[in-house]
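Have a look at the structure below before the remarks.
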Amino acid sequence: MNYSRSVSFIIIALIYVAATLLGLICFKLLFGVYPLLPSLLIADVAATTFVWLFGLLFRNVSVYDPYWSVVPPIVFTAFALYEGTFTLPTVLLLLAVWYWGIRLTANWAVTFKGLDHEDWRYTRYRDSLSPFLFHITNYFGLNMMPTLVVFMVMIPGLGVIGSDASANFWTWLGFAMCVSSATIQLVADTEIHRFRDNHPGVPCNVGLWKHGRHPNYFGEIQMWWGVWVMYVSLAGFSAHPWYVSGAVINTAMFLFISIPMMERRQLANKPEYAEYKAHTRLLI
């Protein structure tokens with residue numbers, strides 16, 4: 001079937017409303033019987049699986065794309081409401097994450113072409129793998145792996161919400177890191193959209209893109225380091241040192257998977273990209 005862009009938006013919205021309700025129901029049934037993190041993880045996996053099933057139905061892995069930016073604001077807000085905790089650090093975290101989430105989701109909406117269009121990354125896997133291997137890669141690699149990364153980066157934020165410590169200089173620094181990260185992404189994405197409209201097929205080398213080849217990815221990396229800094233400011237370095245693993249894994253995912261994949265595509269499609277790459281840093 002052919003779906004218009006507006007109809008596609010409605011379908012995606014309904015899928016995510018249903019996935020959110022499923023996740024909330026799972027969490028409510030599990031939390032109290034099991035600890036917080038396992039309960040949240042199972043609810044997250046259930047919601048991801050629900051979205052994945054609709055990706056199969058529409059033969060489009062891109063149904064999953066908004067998950068990354070939609071889940072953290074919902075989870076943090078729901079947990080704050082559940083705990084009844086709205087200290088200053090919690091409010092700062094919610095402000096930062098909602099700003100980041102709305103901006104990133106809005107950027108997805110701007111670039112969303114409808115359910116008849118699938119991101120080139122997913123199409124590459126669909127075309128190069130056997131149907132069986134593709135479905136395995138689709139569920140575990142393209143859907144579940146990002147969900148697990150999102151889950152890991154959210155853990156320090158849950159610690160912020162669960163803390164009764166007062167905000168301090170480092171809390172505000174973490175908040176500033178988060179807000180500046182989302183702002184960097186906003187500026188970078190605005191610049192590249194405008195540039196591509198006027199210079200198709202040419203590497204963007206203006207504004208932030210003049211100082212780094214992937215300023216939008218830089219913002220995404222710094223965002224979750226900011227959340228971790230907020231947590232450490234309240235709990236200290238010695239409390240749950242493994243909480244930093246989310247920010248580390250997220251950074252590694254961009255440095256070793258997302259960025260190399262993007263750069264190979266740019267080098268293949270844009271002859272001038274090799275020179276741009278030689279004279280421009282990887283990140284800001």
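By how many nm would the segment from Leu53 to Ser258 lengthen if fully extended, with 0.36 nm per residue of separation less the alpha-carbon distance?
So the extension gain works out to 71.4 nm.
With a ≥ b ≥ c the root eigenvalues of the C-alpha gyration tensor of segment 131-218, is it rounded (a/c under 1.5), prolate (a/b larger than b/c) or oblate?
The shape class here is oblate.
Could you pull out every one of the lysines with an alpha carbon less than 17 Å from that of Lys270, ignoring same-chain neighbours closer than 8 positions?
Cross-link targets: Lys210.
Assign one of three labels to segment 5-279, namely rounded, prolate or oblate, based on the Cα gyration tensor with a ≥ b ≥ c the square roots of its eigenvalues; rounded applies when a/c is under 1.5, prolate when it is not and a/b is larger than b/c, and oblate otherwise.
oblate
Quick one: net charge of His193's neighbours, Cβ under 15 Å, K/R +1, D/E -1?
Around His193, the surrounding residues sum to +1.
Kindly put Lys113, Lys210 in sequence by how many other C-beta atoms sit within 10 Å of each C-beta, fewest to most.
The fewest-first ordering by Cβ neighbours comes to Lys113, Lys210.
Would you calculate a helix-derived [θ] at 222 nm for the chain, using -39,500 (n - 2.57) for each DSSP H run of n ≥ 4 and dividing by the full residue count, to the nearest 500?
Computed mean residue ellipticity for the chain: -23500 deg cm²/dmol.
Excluding residues on the same chain fewer than 8 positions from Lys113, give the aspartates and glutamates whose Cα lies under 18 Å from its Cα.
Cα-Cα hits under 18 Å: Asp65, Asp189, Asp197.
What are the DSSP H helices in the chain that stretch 18 Å or more along their long axis, judged by alpha-carbon atoms, and whose average Kyte-Doolittle hydropathy comes to at least 1.6?
Helices passing the filter in the chain: 5-30, 36-57, 145-161.
What is the sum of charges around Tyr125, taking Lys and Arg as +1, Asp and Glu as -1, for the other residues whose C-beta is under 15 Å from the C-beta of Tyr125?
That sum, taken over residues with Cβ under 15 Å, equals +2.
State to the nearest 20 debye the size of the charge dipole of segment 5-279 about its Cα centre, where the only charges are +1 on K and R beta carbons and -1 on D and E beta carbons.
Its charge dipole is roughly 460 debye.
Rounded, prolate or oblate for segment 194-276? Axes are the square roots of the Cα gyration tensor eigenvalues, ordered a ≥ b ≥ c, and the cut-off for rounded is a/c under 1.5.
Prolate shape, in that a/c is at least 1.5 and a/b is the bigger ratio.
Gap in Å between the Cα centre of segment 139-201 and the Cα centre of segment 237-270?
The two parts, judged by their Cα centres, are 13 Å apart.
With a 10 Å cut-off between alpha carbons and a GNM built on the chain, which of Thr85, Thr147, Thr48 moves the most?
Sorting by GNM fluctuation, first place goes to Thr85.
Every number in this text was worked out from the coordinates using simple rules, so none of it is lab data. Small disclaimer: the values here were computed from a predicted structure and weren't measured. Positions of Cβ are backbone-derived with ideal geometry, glycine not excepted, and every protein chain shown enters the neighbour counts.
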